[in-house]
Amino acid sequence: MSSGTYTLFDIPTKAPRRCWSMNTWRTRLLLNYKGLDYKTEWIEYPNIRTLLEGRVSPNEQGPPFTLPAIQMPDGSFIMDSYKIAAAIEKLHPEPSLPLDEPHLLRFRKVLVALMGELTPIYVPGVAQRLLGDESIDYFLKTRQQDVGMPLYEYGEQRGPGSFERAEPFARQMTALLNESSSGPFFLGEKITYIDFIWAGILLFFKCLGEEEYGELLKRSGDSGAHTKFLDALSPWTERDD
């Protein structure tokens, strides 16, 4: 690895490979925004543990090893989007990307509720539409353990009505986005890490399917606010591979 170059480890879609994960999008947007020299190394689901075990401390809750992860120019590894963001912000403070805005606490609460209601839509959708042959069996097996039934059955049983149940939280997200009259970001004209988290969600749903993306925007109560928001981030969303 050349001096000054970062490596972003990301989970690919089926060919042609590109970024889809809402979590890895956060880190990709961060690297793009900071203007850092980086390369992407695609890691299929069964190979994540092999890559990271012994190089990072495992998560105490949930899967022990997850992406995003990056390799720093000095060869060290960092796992978890928040830890990565903190490290990058410390090393590259300009352009600034505030990480600990008070707004983030309210945002997280709404986001958790919203995505919880949409889980029966997007988790089966990832398996059906995005993953390639190297990841699909692993994903189906592990997610069946998470939801307690075969994943496609879970989607068929729990999916109907998900967007309706998610609508109050989608509208709360819109209210947070529209709190600042100056826009287009959550804190007006200032970009913060909150913006990259929400952009990752929107980009993920766009990748999942135009129907799902359109339904999410519809349920938000103000689709224009979210498309304007994403358009304003377009200089940093173009690179997805």
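The values are calculated or read from the model by the stated rules, or taken from the named source; none is laboratory data. In this text the structure is predicted, and so the values were computed from the model without any measurement. When we count neighbours, we look across all protein chains shown, and the Cβ atoms used for this are built from the backbone with ideal geometry, even at glycine. The accessibility values were calculated without ligands, DNA or RNA, using every heavy atom of the protein model including side chains. Shrake-Rupley method; radii C 1.70, N 1.55, O 1.52, S 1.80 Å.
This table checks each residue for (1) aromatic (Phe, Trp, Tyr); (2) more than 22 Å from Lys109 (Cα to Cα); (3) crowded, with 16+ Cβ neighbours inside 10 Å.
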{"position": "Gly155", "(1), (2), (3)": "no, yes, yes"}
{"position": "Gly161", "(1), (2), (3)": "no, no, no"}
{"position": "Glu164", "(1), (2), (3)": "no, no, no"}
{"position": "Ala170", "(1), (2), (3)": "no, no, yes"}
{"position": "Pro184", "(1), (2), (3)": "no, no, yes"}
{"position": "Ile191", "(1), (2), (3)": "no, no, yes"}
{"position": "Ser223", "(1), (2), (3)": "no, no, no"}
{"position": "Ser234", "(1), (2), (3)": "no, yes, no"}
When you look at Pro68, is it closer than 30 Å to Glu179 by Cβ and either touching a residue at least 60 places away in the same chain (Cβ under 8 Å) or among the aliphatic types (A, V, I, L, M) (or both), yes or no? yes
Got a number for residues in segment 41-55 being farther than 19 Å from Arg28 by Cα and hydroxyl-bearing (Ser, Thr, Tyr)? 1
For segment 128-152, give me each residue that is more than 16 Å from Ile48 (Cα to Cα), touching a Leu at 6+ places or on another chain (Cβ under 8 Å) and touching a residue at least 24 places away in the same chain (Cβ under 8 Å). Arg129, Leu130, Leu151
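Based on what the data block shows, is Glu94 assigned to a loop (DSSP other than H, G, I, E, B), open to solvent by 60 Å² or more (accessible area, probe 1.4 Å), within 28 Å of Phe139 (Cβ to Cβ) and free of Cβ contacts under 8 Å to residues at least 40 places away in the same chain?
no
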Exception for Glu179 within (1) open to solvent by less than 80 Å² (accessible area, probe 1.4 Å); (2) modelled with pLDDT under 95; (3) within 15 Å of Val110 (Cα to Cα); (4) not basic (Lys, Arg) falls at (1)
Restrict the check to segment 137-145 and report whether at least one residue is more than 22 Å from Cys19 (Cβ to Cβ), basic (Lys, Arg) and modelled with pLDDT of 95 or more. yes
Is it the case that some residue within segment 181-192 is hydrophobic (A, V, I, L, M, F, W, C) and touching a strand residue (DSSP E or B) at 6+ places or on another chain (Cβ under 7 Å)? yes
